[in-house]
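Engineer: Have a look at this one.
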Amino acid sequence: MASDHGHPASCRCALHGAPASQSLDELDFLKSACSAAQTGNLERLDRLTASNPAALLTDGSGGNSGYTPLHYAARAGQDQAVELLLQRGAEVNRQTTAGRATALHRAAYMGHCSTVQLLLSHGADPMLQDADGCTALHKASQQGHKHAACMLLKAVPAAAQVVNHRGQLPVLRPQP
């Protein structure tokens, strides 16, 4: 027997019962350049940034977090989206408002080596520190991303001597 939602009465899926709800901010984000960058939807990202260059500087939900489509693309390892955004004029060293993270911090944290290299080749500064005093090398090291850490060390050997606000050097920690 089917329920009034078109699903069998025994169905326990999320679509059965009350419809899913999303906030207006969540819906705005899904329509934003940030969402397109995060998912690698290049056609949509190209269209959104061509028609509205200010989209390169927004967080996708009308807030002032400082996150940009470049942060989302870098965190997701979406190299083609990163390249497109940089070609459109995205600020490679743009820092978030509270955490002061850059796209390089995000890519290093996730261990996306090709994205780290791409950002470095476009002038990303590996010595920038976030609100905790961490560089991208700290982020890669804390997560055990050896290859990303080596790239960053090769780019700027002095990064190995940067102490964060906890008094820690970027020491590589093995992944569990």
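The values are calculated or read from the model by the stated rules, or taken from the named source; none is laboratory data. As the structure is a prediction and not an experimental result, all values here were calculated from the model. For neighbour counting, all protein chains shown are included, and Cβ atoms are generated from backbone atoms with ideal geometry for every residue, glycine included. In case anyone asks, the SASA skips ligands and DNA or RNA and just uses the protein heavy atoms, side chains included. Shrake-Rupley method; radii C 1.70, N 1.55, O 1.52, S 1.80 Å.
Engineer: Please compute the net charge surrounding H145, taking Lys and Arg as +1 and Asp and Glu as -1 over other residues with Cβ under 11 Å from its Cβ. Spell out each step's value before the answer.
Structural biologist: On the way: positive: K139, K146, R173; negative: none.
Once all neighbours under 11 Å are counted, the net charge is +3.
Engineer: Additional query: What net charge is computed for the residues neighbouring L84, neighbours being all others with C-beta under 15 Å from the C-beta of L84, Lys and Arg scored +1, Asp and Glu -1? The partial results should precede the final answer.
Structural biologist: Numbers: positive: R44, R47, R88; negative: E43, D46, D79, E83, E91.
Around L84, the charge tally is -2.
Engineer: Could you calculate the contour length gain from Q87 to K146, that is, 0.36 nm times the residue separation minus the distance between their Cα atoms, to one decimal place in nm?
Structural biologist: On the way: separation 59, 0.36 × 59 = 21.24 nm, distance 2.88 nm.
Answer, rounded to one decimal: 18.4 nm.
Engineer: What residue among V82, M110, A98 has its Cα farthest toward the positive end of the dipole of region 71-114, where the charges are +1 on Lys, Arg and -1 on Asp, Glu, each on the Cβ?
Structural biologist: Farthest along the dipole direction, towards plus: A98.
Engineer: Hey, another quick one. With Cβ to Cβ distances under 13 Å as the rule, what net charge do the other residues near N93 carry (K, R +1; D, E -1)? Kindly include the intermediate steps, with their values, before the conclusion.
Structural biologist: Details: positive: R94, R100, R106; negative: E91, D125, D130.
Overall, the nearby charge balance is 0.
Engineer: For K154, list the lysines whose Cα falls under 23 Å from its own Cα; do not include residues on the same chain fewer than 8 positions away.
Structural biologist: K139, K146
Engineer: What percentage of the solvent-accessible surface of region 97-176, computed with a 1.4 Å probe over protein heavy atoms, is contributed by carbon and sulfur atoms?
Structural biologist: On the way: 2220 of 3990 Å².
Taking all protein chains in place, region 97-176 shows 56 percent carbon and sulfur surface.
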